[in-house]
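Input: a single structure, listed below in structure tokens.
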Amino acid sequence: MFELRWAKDGRALWEYGSPVPSHDGPHVRWLRIGTHDIYKSR
């Protein structure tokens, strides 16, 4: 799992997924997008 930060309180959690047939390059799965609240349990 990786984290991407684009603003003071803008964050996203993502991971690499399994390759997608007939598509070149990495497959990124976006897990959560939002503020620091993404770290709280659902």
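Check whether at least one residue in segment 19-32 is at pLDDT below 90, assigned to a strand (DSSP E or B) and touching a strand residue (DSSP E or B) at 6+ places or on another chain (Cβ under 9 Å), and report yes or no. Yes; the residues of segment 19-32 include at least one that is at pLDDT below 90, assigned to a strand (DSSP E or B) and touching a strand residue (DSSP E or B) at 6+ places or on another chain (Cβ under 9 Å). For segment 10-29, how many residues are more than 15 Å from the chain's Cα centre (by Cα) and surrounded by fewer than 11 Cβ atoms within 10 Å (Cβ to Cβ)? Counting residues in segment 10-29 that are more than 15 Å from the chain's Cα centre (by Cα) and surrounded by fewer than 11 Cβ atoms within 10 Å (Cβ to Cβ) gives 6.
The values are calculated or read from the model by the stated rules, or taken from the named source; none is laboratory data. In this text, all values refer to a predicted model and were calculated from it rather than measured experimentally. Glycine gets a Cβ as well: all are built from the backbone with ideal geometry, and neighbour counts include every protein chain shown.
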